[in-house]
Amino acid sequence: MATHDVPKDFMQGYVRIVADASATGRRLTRDELISRRVLGEQAAEAGYGLRELVGAHLAALRAEWPGKGVSAESVLAAAEQAVDAFAEGHERAQRVAIRQEIAARREFVDDLLYGRSDLGLLAERAERFGLRLAHEHAVAVAQGDIAYDESDAVPREVERALIGRFGDRSILLTTKDGRLICVAPGDQNEVLAYFAKQAYAATDGGRVAIGRPQPGPGGVVQSYEEALNALDLAERLELGDPVLHAADLLVYPVLTRDRQAMADLVLSALGPLRQARGGAQPLIDTLAAYFDSGCVAAEAARRLSLSVRALTYRLERIHKLTGANPADAMHRYTLQTAVIGARLLDWPDRQF
């Protein structure tokens, strides 16, 4: 916008104040400074940039330079005070606007991820942030060793990488409860994959979970909750993958849907292990390592820092106590399901 497009109202009294002050070499009065700050705030609220406003002030002073007998130094000193006060008011209004924008964005993110707002109104508000909630969206959640908020370097670094690669593409990057959140259209898997890569690197090896694409205004909440559940499952099951897809973990919610049935299975299949010296946990860890290694004894022993002989002894002990042989296909399924249930239900630390 050219300087001549700036309304004269925002420079009202400027030349007169400069002329009056420079005639005697005095400093601007308190009321004069306040009037400049107020006009600066009004100009910022009207959407005018500081650069064009300063240009307009310089142009006005050049067009109506004070009369003869007034030194240029005095004129410039008075103009500097006036423009500085004007800029102060402009910057103050900008800071207020930024705080309001941040608050509005935070409120929107909270409503979006918790589904606390009317879905129709939420969809309208979402357009302001570049999201069209009528379409499918998927959510990725990254978690590091420390908590992050939007002012931290890590979220800004990840955001710069995403924008540099994809532009805006209707992507929302934010933080929630110390985690990094990325909301993207459901048909743009490459966006969330790239987010996962960047977040993993920026968080020094954190973990990322990606929810399934879900339709409609409530779809973001569903995908977000799936990603959170995937992170929780990964922690309970001690999964080592840095990037988790909720679609790959659907079997676990199915297993725990009937909590009482799972608890009965755990107690029936693994309860006898409590009779072992040292309790049930070492033998449960042995079974977990054995199953995770594809039932390869040498690999399981390596993971547990045991000799193959020691591992074999433990498997035999499990067979003797439970009556189930981990090497037998039918028994293996029951034991493996029970081990998963024990991890999910935090047994034997938590009794039921």
Original post:
Among Ile181, Ile210, Ile163, which is the only one that is of a type in the set (A, V, I, L, M, F, W, C), surrounded by fewer than 20 Cβ atoms within 10 Å (Cβ to Cβ) and under 18 Å from the mean Cα position of the chain (by Cα)?
Top reply: Ile163
**OP:** Please go through segment 124-160 and pick out each residue that is in a strand (DSSP E or B) and either more than 11 Å from the chain's Cα centre (by Cα) or farther than 22 Å from Asp187 by Cα (or both).
**Re:** His137, Ala138, Gln143
**OP:** Quick one: Leu121 ticks every box in (1) at pLDDT below 90; (2) more than 15 Å from the chain's Cα centre (by Cα); (3) crowded, with 21+ Cβ neighbours inside 10 Å except a single one, so which number is it?
**Re:** (3)
Original post:
For segment 337-352, what are the residues that are under 30 Å from the mean Cα position of the chain (by Cα) and among the aliphatic types (A, V, I, L, M)?
Top reply: Ile340, Leu344, Leu345
Original post:
Filter segment 246-293 for residues that are within 27 Å of Gly211 (Cα to Cα) and not in a helix (DSSP H, G or I); which is modelled with the highest pLDDT?
Top reply: Ser293
Original post:
Here are some conditions: (1) assigned to a helix (DSSP H, G or I); (2) surrounded by fewer than 18 Cβ atoms within 10 Å (Cβ to Cβ); (3) in contact (Cβ under 8 Å) with a residue 60 or more places away in the chain. Leu335 meets all but one. Which one does it not meet?
Top reply: (2)
Original post:
So how many residues does segment 5-16 have that are more than 13 Å from Leu53 (Cβ to Cβ) and either in a helix (DSSP H, G or I) or under 45 Å from the mean Cα position of the chain (by Cα) (or both)?
Top reply: 2
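Which ones in segment 178-203 are within 10 Å of Gln143 (Cα to Cα) and either in a loop (DSSP other than H, G, I, E, B) or among the hydroxyl-bearing types (Ser, Thr, Tyr) (or both)?
Gly178, Tyr200, Thr203 - these are the residues of segment 178-203 that are within 10 Å of Gln143 (Cα to Cα) and either in a loop (DSSP other than H, G, I, E, B) or among the hydroxyl-bearing types (Ser, Thr, Tyr) (or both).
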**OP:** Search segment 285-300 for residues being touching a helix residue (DSSP H, G or I) at 6+ places or on another chain (Cβ under 6 Å) and touching a residue at least 12 places away in the same chain (Cβ under 8 Å), and hand back the single one that is nearest to Ala269 (Cα to Cα).
**Re:** Leu287
Original post:
Counting only residues that are aliphatic (A, V, I, L, M), in a helix (DSSP H, G or I), under 15 Å from Phe86 (Cα atoms) and out of contact with any Phe, Trp or Tyr (no Cβ under 8 Å at 6 or more places or on another chain), how many does segment 17-51 have?
Top reply: 7
Subject >> Some residue of segment 52-72 being outside any loop (DSSP other than H, G, I, E, B), surrounded by 13 or more Cβ atoms within 10 Å (Cβ to Cβ) and of a type in the set (Lys, Arg) >> reply: no
Original post:
Restricting attention to segment 161-177, and to residues there that are in a loop (DSSP other than H, G, I, E, B) and in contact with a strand residue (DSSP E or B) (Cβ under 9 Å, 6 or more places away or on another chain), which single residue is nearest to Ser151 (Cα to Cα)?
Top reply: Ile171
Original post:
Any chance segment 203-222 includes a residue that's modelled with pLDDT under 90, within 28 Å of Leu119 (Cβ to Cβ) and touching a Lys or Arg at 6+ places or on another chain (Cβ under 8 Å)?
Top reply: no
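Is it true that some residue in segment 40-53 is over 40 Å from the mean Cα position of the chain (by Cα), hydroxyl-bearing (Ser, Thr, Tyr) and modelled with pLDDT under 95?
Just the residues of segment 40-53 that are over 40 Å from the mean Cα position of the chain (by Cα), to begin with: none.
Within segment 40-53 (the criterion being over 40 Å from the mean Cα position of the chain (by Cα), hydroxyl-bearing (Ser, Thr, Tyr) and modelled with pLDDT under 95), the answer is no, since none of the residues qualifies.
The values are calculated or read from the model by the stated rules, or taken from the named source; none is laboratory data. Worth saying up front: this structure is predicted, and the values here are computed from it rather than measured. All Cβ positions, glycine included, derive from the backbone under ideal geometry; neighbour counts span all protein chains shown.
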